[in-house]
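The values are calculated or read from the model by the stated rules, or taken from the named source; none is laboratory data. As the structure is a prediction and not an experimental result, all values here were calculated from the model. Positions of Cβ are generated from backbone atoms using ideal geometry, with glycine treated the same way; all protein chains shown enter the neighbour counts.
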Amino acid sequence: MIERFHPASFPPVAVPLSHATKAGDFVFVSGQVATTADGGVLLGDFEAEVNLVLDNVEAVLAAAGARVDQIVKIGAFLSNATLFAQFNEVYARRFGAAPPARTTVVLAFGRGDIRVEVEAIAYVGQ
Amino acid sequence: MIERFHPASFPPVAVPLSHATKAGDFVFVSGQVATTADGGVLLGDFEAEVNLVLDNVEAVLAAAGARVDQIVKIGAFLSNATLFAQFNEVYARRFGAAPPARTTVVLAFGRGDIRVEVEAIAYVGQ
Amino acid sequence: MIERFHPASFPPVAVPLSHATKAGDFVFVSGQVATTADGGVLLGDFEAEVNLVLDNVEAVLAAAGARVDQIVKIGAFLSNATLFAQFNEVYARRFGAAPPARTTVVLAFGRGDIRVEVEAIAYVGQ
């Protein structure tokens, strides 16, 4: 059985996706950007953008009954290599001493003003 | 035990990959492009390209005994941000009201004329 | 329970990640580049770079108690489409007749001189 989740606090999805699916002991979180509750995207300060993206990942996990410390794999996407150092700084504060596996690459997004997107796989088994 | 699958209708693989692997209750589908039965790639109309890519994902899943409604995660790759709206339109018609989790980003491919590639993870447990 | 792994032979991680996580019957390997034991990155000959990347994937898997033939999915990232043919040639020699599912795309990295990165999911169940 596959379950699908959308945080109640999120705006309606603008694209055909479920924010999370749960199957077996794994939760798959769609790539999250810095979407705000009113459906906009937070721009401006990059640290705030990263924090909101990670808040959104956390909210999606919570909707699926999962926690950040259950993440086993992160895919992180940046719009520019110059953002790596600051991204890692913010990210390290959020994930602490036992971070998940991660792949981080530079590419582009559907909107030219987005600078960071993060997807996740979490494990909710014992 | 890991099983590997290639649809009988597909041309021989041009690169060293299995079109799908099955392990435990999960099926992993290699990134599919708009490959035709004769080994070419469908170019021209973008909607037709997207549909053939999704047909190929479906054929690979079928070879592994899985269905589109068992997909839990899609990775979608576009060559240009301007293709997003049309991609979503075609994609929404294929996935209906309960789509999988999805991450969609803009990047490049091994061939400069390919505009879309899609990979998938499906869950075949109970 | 989630386990985290770092090969003893690797330099300390420069970014906040675990080289591998193990959860249930799956091992998730972080994107590996051609990092050398002294913390540098191998540049120059592309075939040597690909081989070191795949050596690193193998070392991370070994730290998690897994083998290359247990890989079910590879994500391969190249900095330039012109590298595809040579990448496939080296890769085919390493993976033999029963390769995993794979998605290979062209994008950029945190460092402008890196040409290849590889991530993996392995299955260690029965």
> Where residues in segment B:89-118 are within 7 Å of another protein chain (Cβ to nearest Cβ) and assigned to a helix (DSSP H, G or I), which of them is nearest to residue B:68 (Cα to Cα)?
Replying inline: B:95
> Does any residue of segment B:96-103 turn out to be of a type in the set (Val, Ile, Thr) and in contact with a helix residue (DSSP H, G or I) (Cβ under 9 Å, 6 or more places away or on another chain)?
Replying inline: no
> Going through segment A:66-108 one residue at a time, which ones are under 18 Å from residue A:51 (Cβ atoms) and modelled with pLDDT under 95?
Replying inline: A:96
> When only residues in segment B:87-124 that are aliphatic (A, V, I, L, M) and in contact (Cβ under 8 Å) with a residue 60 or more places away in the chain count, which is surrounded by the fewest Cβ atoms within 10 Å (Cβ to Cβ)?
Replying inline: B:124
> Yes or no: residue A:37 within 22 Å of residue B:101 (Cα to Cα) and surrounded by 15 or more Cβ atoms within 10 Å (Cβ to Cβ)?
Replying inline: no
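Residue by residue through segment B:76-87, note down the ones that are under 14 Å from the mean Cα position of the chain (by Cα) and facing another protein chain (nearest Cβ under 7 Å).
Residues of segment B:76-87 under 14 Å from the mean Cα position of the chain (by Cα): B:76-78, B:87.
The one that is under 14 Å from the mean Cα position of the chain (by Cα) and facing another protein chain (nearest Cβ under 7 Å): B:77.
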> Only one of A:3, A:47 is in contact with a Ser or Thr (Cβ under 9 Å, 6 or more places away or on another chain), acidic (Asp, Glu) and surrounded by fewer than 16 Cβ atoms within 10 Å (Cβ to Cβ); which?
Replying inline: A:3
>> Go through segment C:22-72 and report how many residues are closer than 17 Å to residue B:26 by Cα, within 14 Å of chain A (Cβ to nearest Cβ) and not in a strand (DSSP E or B).
In response: 2
> Does segment A:73-86 contain any residue that is in contact (Cβ under 8 Å) with a residue 40 or more places away in the chain, out of contact with any Pro (no Cβ under 6 Å at 6 or more places or on another chain) and assigned to a helix (DSSP H, G or I)?
Replying inline: yes
